[in-house]
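A short worksheet on the structure shown next.
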Amino acid sequence: MGFFSRDYESAGTGIAKNAPKKKGIALFFEIFFRKFWLLFGVNMLYFIFFLPAVISFVALSFIKNGRIVTAIIIAMLLVFTATIGPATAGMTKIMRSFVLEKHTFIVRDFFRAFKVNFKKALVVGIIDTVVGASVFSSYYVYPGLAEQFNTKLMYIPMIITFSLAFVVMMMNFYIYLMMIATDLSLKNLIKNSFALSFIAMKTNVLTLIIYLVNLVVMFFVFLYMPALFMFITPFVPAAQLWFIVCFNSYPAIQKYVINPYYESMGEINPELTGDYDLEEEAVFKDMGGKEQPMEKRKPTKGRKIT
């Protein structure tokens, strides 16, 4: 049906069930725009677990009592550290379903993945928090030490810290995806994600650049337009960025982790054939692409029948 055409009575041939599937950037934008509004909802759900950080910022800005502020920040930091990993696992579950074009109940699947992967994700979340705190500290500590002792050698530990942080960030592109897609132990999750951070280096660098550019933009928005930052953060960019990460990274997991497992058993990865989810028996057979175009009725004279 054409909404901008007078020929609104004619029907096309439909979409073929076995039509060639788009790939690469075309597939990315097709899924992205189809899930556009759902990504806002996922971001809002994920943002709930950043509220401890928001509370800490508010306490630091408006409460003058140092002891109270310190107690609030420590308590909120512990809550954040304990929940951000499982929450990321929950969001990853949704993003994987989007990438595979599989139906998902966002709230139910989010909290189910949160619960099922809690222990593993908790450890990963703690590691990520420690690494983030180390990067933040090194940025402020080592330049000061370099100036104090008048030596550039103090920048070497900072460079090492940032380099390790980049590796950990690339490992995060894979560890949560494998966590919700496989039954691997935490040890093997870390081992495989470390290997994939180097094996798929070309893709990882591209993903990392996109990720960092978005973080830098959000950082400057926070510095110069804090009101706008507070307004848009519940809606963007966490889910949108994580969708990019999952879209870019999951094919490497399929190629190097999941496909070899099925090949060892003489089978094909069901994710590649679309048979990984049991569907209810179809009441109507999909005839997309096989219908005959509807012939337009000729106008008749006389009274209209309503």
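The values are calculated or read from the model by the stated rules, or taken from the named source; none is laboratory data. In this text the structure is predicted, and so the values were computed from the model without any measurement. Positions of Cβ are backbone-derived with ideal geometry, glycine not excepted, and every protein chain shown enters the neighbour counts.
Considering only residues in the range 225-252 that are in a helix (DSSP H, G or I) and among the hydroxyl-bearing types (S, T, Y), the one that is nearest to K202 (Cα to Cα) turns out to be S249.
Does K22 satisfy being in contact with an Asp or Glu (Cβ under 6 Å, 6 or more places away or on another chain), more than 26 Å from F229 (Cα to Cα) and in a helix (DSSP H, G or I)? In short, no.
If you check T83, T88, T129, T92 for being more than 18 Å from N43 (Cβ to Cβ) and assigned to a helix (DSSP H, G or I), only one passes: T129. Of the residues making up the range 174-224, just one is of a type in the set (A, V, I, L, M, F, W, C), in a loop (DSSP other than H, G, I, E, B) and touching a Phe, Trp or Tyr at 6+ places or on another chain (Cβ under 9 Å), namely A200. In this structure, L39 does not satisfy being assigned to a helix (DSSP H, G or I), over 15 Å from the mean Cα position of the chain (by Cα) and modelled with pLDDT of 90 or more. E101 meets each of the listed conditions (1) assigned to a helix (DSSP H, G or I); (2) surrounded by fewer than 17 Cβ atoms within 10 Å (Cβ to Cβ); (3) of a type in the set (D, E) apart from (1).
Conditions tested, residue by residue: (1) at pLDDT below 90; (2) touching a helix residue (DSSP H, G or I) at 6+ places or on another chain (Cβ under 9 Å).
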| site | (1), (2) |
| --- | --- |
| G144 | yes, yes |
| S163 | no, no |
| F166 | no, yes |
| L184 | no, yes |
| L223 | yes, yes |
| A238 | no, yes |
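Scanning the range 188-223 for residues that are loosely packed, with under 12 Cβ neighbours inside 10 Å, of a type in the set (V, I, T) and under 20 Å from I127 (Cα atoms) yields a total of 0.
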